[in-house]
1. Specify the residue that is nearest to the chain's Cα centre (by Cα); the eligible residues are those in the range 64-94 that are among the hydrophobic types (A, V, I, L, M, F, W, C) and exposed (fewer than 13 other Cβ atoms within 10 Å of the Cβ).
2. What's the total number of residues in the range 90-105 that are more than 21 Å from residue 58 (Cα to Cα) and acidic (Asp, Glu)?
Amino acid sequence: MWYFCGRNVARERMICIIINPVTGWYTMSESVHREVIMTEKVREALNGIRPMLQRDGGDVELVEVTPDGTVKVRLKGACGTCPMSTMTLKSGIEARLKEQIPEIKEVVSV
C-alpha cells in the first residue's frame, strides 16, 4: 500500500489517499490521517528497538495503534516467554516510544 497526504485547499482540510494496487484506492478523513501518521511513527520507533530484542532471540510485532494513544504489540520469540517480558515492555519499549512519540499513553502486550 502507498499513502499520499496533502491539503485540500478548497475544503481547507487534510486529505489522505491510500492506494492499494490490488483493490484500488480510496480517500480518508483528517482523523484517519492522524492515525496513519501515528502508526507509521510507532512502526519506525519499533524498528529502532527491534535490534536490541533480536540480540536476545526475541522480537516485537505491532498489532494496533488505537486513537486514544494505546499501542498494542505482540512479543515474539524469547521475549514472548521470558519472565522479564513485563519489564522489557514497560521499561524498555513503552519508555522509548513515549520518549519519541509524546502522544503515546501506554503500550500493552496482546
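Every number in this text was worked out from the coordinates using simple rules, so none of it is lab data. Small disclaimer: the values here were computed from a predicted structure and weren't measured. We place every Cβ from the backbone using ideal geometry, glycine too, and count neighbours over all the protein chains shown.
1. Going through the qualifying residues, I end up with 87.
2. Of the residues in that region, 2 qualify.
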